1. From Asp114, Asp49, which residue is acidic (Asp, Glu), more than 14 Å from the chain's Cα centre (by Cα), open to solvent by 50 Å² or more (accessible area, probe 1.4 Å) and more than 14 Å from His156 (Cα to Cα)?
2. I'd like to verify a number: residues in region 129-181 that are among the charged types (D, E, K, R) and open to solvent by less than 10 Å² (accessible area, probe 1.4 Å), how many?
3. Taking region 117-132 only, how many residues are free of Cβ contacts under 8 Å to residues at least 60 places away in the same chain and not in a loop (DSSP other than H, G, I, E, B)?
4. Can you list residue pairs whose Cβ atoms sit under 6 Å apart, with the first residue in region 137-158 being among the polar types (S, T, N, Q) and assigned to a strand (DSSP E or B) and the second being at pLDDT 95 or above and open to solvent by 20 Å² or more (accessible area, probe 1.4 Å)? Count only pairs 6 or more apart in sequence or on different chains.
Amino acid sequence: MRRTALAVISAALFFIAVPAQAAPLATRSVYSPGRIVPIPASVPHEAGDMVDRRIVPDLRWIAQRYPVFVTDGYSGPLPDGTHVGCNRCHVRNSDHYNGLAVDIVPLNGDGRCDASWRPITRLAHWAEPVQNRPRPPFRWVGYDGDSGHGCGNHLHLSWEHAVAPMFRLAEWVEVFRVGGQGTAEPPQPSAPPSGVKPPKGPQGGSEPEPTPEEAAPRGGVSTAQPGGVSPRGD
């Protein structure tokens, strides 16, 4: 009887000490045509930021649960010849050039690694519970442990997608299911403080942005299997 009791206590202590593995997200691949669109007002962001419309529902879902501020989304030319996004701040072949990545800092942050980053850290750990092993639908998560990313810098999130050249829209994009069963709830952060102000901080990236003579984004046709792990983030 004593051995049984000790075994039960030991098992209980083990489960307390070792956190449960994050439940997988229910995801789906979206094949509807992509388009670069403005980030909606429901997602706090730098003025003029845009993304592929197919990840907008995911961004809304994240913004409802975390006090985030998007500092950059799509970077590249538009059909009218104008350019959106930051200049010369993303690596070559970055997912930013397909409109399928965002850089995130705390809402109302001031650029310092302080308490305002705690919800962003929770979001990063939710998206990537184990370093270099992001949860679907994320292709790459850049945060602590990744050069040029982390607390006091920025969190980078990329969505898995079909292979596509820079400044072209991917044939499909993997997203998580929002508003339905099977969506894993992340830890709830504290409510953001009242009064929204654009936070200070870098927009990420280290290598110069190429200067293409290509047309603005249009539908890609090549495909790739999901689950990419190469850091095409910033």
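1. Values: Asp49 fails: open to solvent by 50 Å² or more (accessible area, probe 1.4 Å).
Matching residue, one of Asp114, Asp49: Asp114.
2. The qualifying residues number 1.
3. Going through region 117-132, the residues free of Cβ contacts under 8 Å to residues at least 60 places away in the same chain turn out to be 117, 120-121, 124-125, 127-128, 130-131.
Now restrict to residues that are not in a loop (DSSP other than H, G, I, E, B): 117, 120-121, 124-125, 127, 130.
So the answer is 7.
4. Ser158/Arg139; Ser158/Trp140
The values are calculated or read from the model by the stated rules, or taken from the named source; none is laboratory data. Just so you know, these numbers come straight off a predicted model, no measurement behind them. For neighbour counting, all protein chains shown are included, and Cβ atoms are generated from backbone atoms with ideal geometry for every residue, glycine included. Accessible surface areas use protein heavy atoms only, side chains included; no ligands, DNA or RNA. Shrake-Rupley method; radii C 1.70, N 1.55, O 1.52, S 1.80 Å.
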